[in-house]
There are 2 protein chains.
Amino acid sequence: MTTIVAVDIGGTHMRAASYSQDDITPIKHKRIRTLASEPGGFERLTGVIEDVWPQGEAVSAIGIGSPGPLDPHTGHLLAPPNNPQWHNFPLAPKISEHFGVKSFLDNDANLAGLAEYRFGAGKGHHHVLYVTVSTGIGSGVIIDDRLLQGYHGLAAEMGHIIVDPNGPPCSCGFNGHLEAYSSGPAIVKYVFGELEAGRKSSMKRDMDLSAREIAEAAHQGDMLAIQAYQRAGEYLGIGVASMLHMFDPSVVIFGGGVSQVGKLLFDSFDSSLKKHVFHPRYLDGLVIAKAQLGDDAGLLGARALAEMKLGL
Amino acid sequence: MTTIVAVDIGGTHMRAASYSQDDITPIKHKRIRTLASEPGGFERLTGVIEDVWPQGEAVSAIGIGSPGPLDPHTGHLLAPPNNPQWHNFPLAPKISEHFGVKSFLDNDANLAGLAEYRFGAGKGHHHVLYVTVSTGIGSGVIIDDRLLQGYHGLAAEMGHIIVDPNGPPCSCGFNGHLEAYSSGPAIVKYVFGELEAGRKSSMKRDMDLSAREIAEAAHQGDMLAIQAYQRAGEYLGIGVASMLHMFDPSVVIFGGGVSQVGKLLFDSFDSSLKKHVFHPRYLDGLVIAKAQLGDDAGLLGARALAEMKLGL
């Protein structure tokens, strides 16, 4: 029986789990704090892997998910946010050397997409677009049952497609990216901009607003809050329309915190998508689904990556 | 030895050729007029295929390229422009039945991309973005050595990605598509718009201007003509930047008539691409190339499609 160890390195927590093939429930599972700004990150990582190492079973591979940018072909982290110790860090090769087992790395959005395709809302589909709408916007794409990674391993950065070259600045510094319209911080920024411009609202300029609080204001009927989400949904529909034209998937799966707000975002998304898809055939049988795996997507994706690389 | 018959159905000409595997020079080749508006199209097609049928050789498959929209999975034409007789026409199945040989169909841009990947400017690359800039803008994408087709077979419609939702109308009727900025007719339309607005130029409102004539005016120093191409190149750079973020190819290949103008389009394309790519790593080792196969791309792509489907 094949056994895989999976690791999900998040901003606040590192999780590890060991899995038997064809069983979605881990043999062992452990979660610790990432403490990215403190030294000893590699030791914490090897420690949590040791904690879930199955007794009496040979581990076939270790799959690792991390925020990007990273190079899945070499297994090197390039410049993970909030973790300067791991800039240009050969993570997969070092884990491989430490445990004497093949190790594979890819970014969290790609792996969440792979997990949903293998175990979640994309099961049975061969062409999958997974979109996470959260602090940023990321994506994972499956084409003909294969994960899209690209030449440098930097494919599927849907948050950074240009939806309006004269649009507002993105977190990455460039203008008019989808993330600059439809991510949580973009929604907050839009609300503050409108408040600055004197727009009436139950929300105030001196509040410490989050996308979640704006969603609550919207549910209370605040027009600015409602419109902020409508605008985000509209641009999300524009971005997804372009992605349909390029990838022509059979399912689009939404994950991430901002996508939890439901109709507030997705009513305008739906009408925008219909409005912007240039041929109705793209929508024939197209499934729009919510991610099913929640917090487990990272671990299950890291596991699926290892299985994929082993040819399983 | 495997022998393939390839057919390229164009707006004005139909071409057919027979090929031995691993020989890029056809055994036989024939070109006739398409005469799309006249009846008898299917008979003309079977006739030109018969004309190139190799004597004494078993044909393994027939590959067919045609303008879209079409369904490469079923081999049906959906609504080819200028050819109402072939709307919802089961072209590949009928050719297959007629000749007793497997037949495969895909659109001209996908097949030109596949041809450049196999035999032209993309040889040796595994991740290819082919872009044709002409009356329309089409593309063909190779990911990990496989042609991107999509669930409905409608993938890689790069002319119809949205680069500005408030932009001018595209030939397809929707607004702000790349094709509405950077195709030949878009360049012409922009020039006429500026002339209508009273802009000074050697070109006049009552002229029957084409993209080629605007290029000539630009070479004579006409500022409006120069700027029209610059604008087209700038948006082309924006569109290609988004495609790098999604596909992360190692080569971008340009074909089509408008792309023949060289620096007039590509100086502004290059600076726009550099300006809009959000991480410099996408450009590491990225090759920007001209298509090498010219008019043979369609035939060689149809041949490559058949070989691909046969697993060769």
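Numbers at a glance
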{"item": "Cβ-Cβ under 7 Å pairs, at least 6 apart or on other chains, region A:152-177 side farther than 18 Å from residue A:133 by Cα, far side of a type in the set (Phe, Trp, Tyr)", "result": "A:152/B:282; A:154/B:282; A:167/A:181; A:174/B:278"}
{"item": "Within region B:55-67, tally of residues that are surrounded by fewer than 24 Cβ atoms within 10 Å (Cβ to Cβ), in contact (Cβ under 8 Å) with a residue 12 or more places away in the chain and either basic (Lys, Arg) or out of contact with any Phe, Trp or Tyr (no Cβ under 9 Å at 6 or more places or on another chain) (or both)", "result": "4"}
{"item": "Residue A:147 being more than 21 Å from residue A:212 (Cβ to Cβ) and not hydroxyl-bearing (Ser, Thr, Tyr)", "result": "yes"}
{"item": "Residues satisfying the stated conditions in region A:216-251, i.e. outside any helix (DSSP H, G or I) and within 11 Å of chain B (Cβ to nearest Cβ)", "result": "A:248, A:249, A:250, A:251"}
{"item": "Selection within region A:10-39 - aliphatic (A, V, I, L, M) and under 20 Å from residue A:118 (Cβ atoms)", "result": "A:16, A:17, A:24, A:27"}
{"item": "Region A:228-273 - residue that is without any contact (Cβ under 8 Å) to a residue 24 or more places away in the chain and on the phi < 0 side of the Ramachandran plot and, of those, surrounded by the most Cβ atoms within 10 Å (Cβ to Cβ)", "result": "A:246"}
{"item": "Complete set of residues in region B:157-180 that are in a helix (DSSP H, G or I) and at the interface with chain A (Cβ under 7 Å from one of its Cβ atoms)", "result": "B:158, B:160"}
{"item": "Yes/no for residue A:188 being within 14 Å of another protein chain (Cβ to nearest Cβ), closer than 24 Å to residue A:263 by Cβ and touching a Leu at 6+ places or on another chain (Cβ under 7 Å)", "result": "no"}
{"item": "Sole residue being farther than 17 Å from residue A:158 by Cβ and within 14 Å of chain B (Cβ to nearest Cβ), chosen from A:147, A:91, A:78", "result": "A:78"}
{"item": "Odd one out for residue A:88, checked against (1) within 28 Å of residue A:249 (Cβ to Cβ); (2) of a type in the set (S, T, N, Q); (3) surrounded by fewer than 24 Cβ atoms within 10 Å (Cβ to Cβ)", "result": "(1)"}
{"item": "Checklist (1) closer than 24 Å to residue B:309 by Cα; (2) in contact with a helix residue (DSSP H, G or I) (Cβ under 9 Å, 6 or more places away or on another chain); (3) at pLDDT below 90; (4) surrounded by fewer than 20 Cβ atoms within 10 Å (Cβ to Cβ) applied to residue B:99, failing item", "result": "(3)"}
{"item": "Check on residue A:62, within 30 Å of residue A:289 (Cβ to Cβ), in the same structural domain as residue A:48 (by TED's automatic domain parsing), not in a loop (DSSP other than H, G, I, E, B) and not small (Gly, Ala, Ser)", "result": "yes"}
{"item": "Restricting region B:254-300 to residues that are more than 14 Å from chain A (Cβ to nearest Cβ) and of a type in the set (Val, Ile, Thr), the residue that is nearest to residue A:148 (Cα to Cα)", "result": "B:258"}
{"item": "Condition check for residue B:268: closer than 15 Å to residue B:130 by Cα, assigned by TED's automatic domain parsing to the domain that holds residue B:179, among the hydroxyl-bearing types (Ser, Thr, Tyr) and within 22 Å of the chain's Cα centre (by Cα)", "result": "no"}
{"item": "Residues satisfying the stated conditions in region B:211-262, i.e. touching a strand residue (DSSP E or B) at 6+ places or on another chain (Cβ under 7 Å) and among the polar types (S, T, N, Q)", "result": "B:242, B:250, B:259"}
{"item": "Out of A:45, A:105, sole residue that is part of a helix (DSSP H, G or I) and either without any contact (Cβ under 8 Å) to a residue 40 or more places away in the chain or of a type in the set (A, V, I, L, M, F, W, C) (or both)", "result": "A:45"}
{"item": "From B:204, B:123, residue being more than 8 Å from chain A (Cβ to nearest Cβ), over 22 Å from the mean Cα position of the chain (by Cα) and assigned to a loop (DSSP other than H, G, I, E, B)", "result": "B:204"}
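The values are calculated or read from the model by the stated rules, or taken from the named source; none is laboratory data. Owing to the predicted nature of the structure, the values given are computational and were not obtained by experimental measurement. Please note: Cβ atoms are built from the backbone with ideal geometry, for glycine as well, and neighbour counts cover all protein chains shown.
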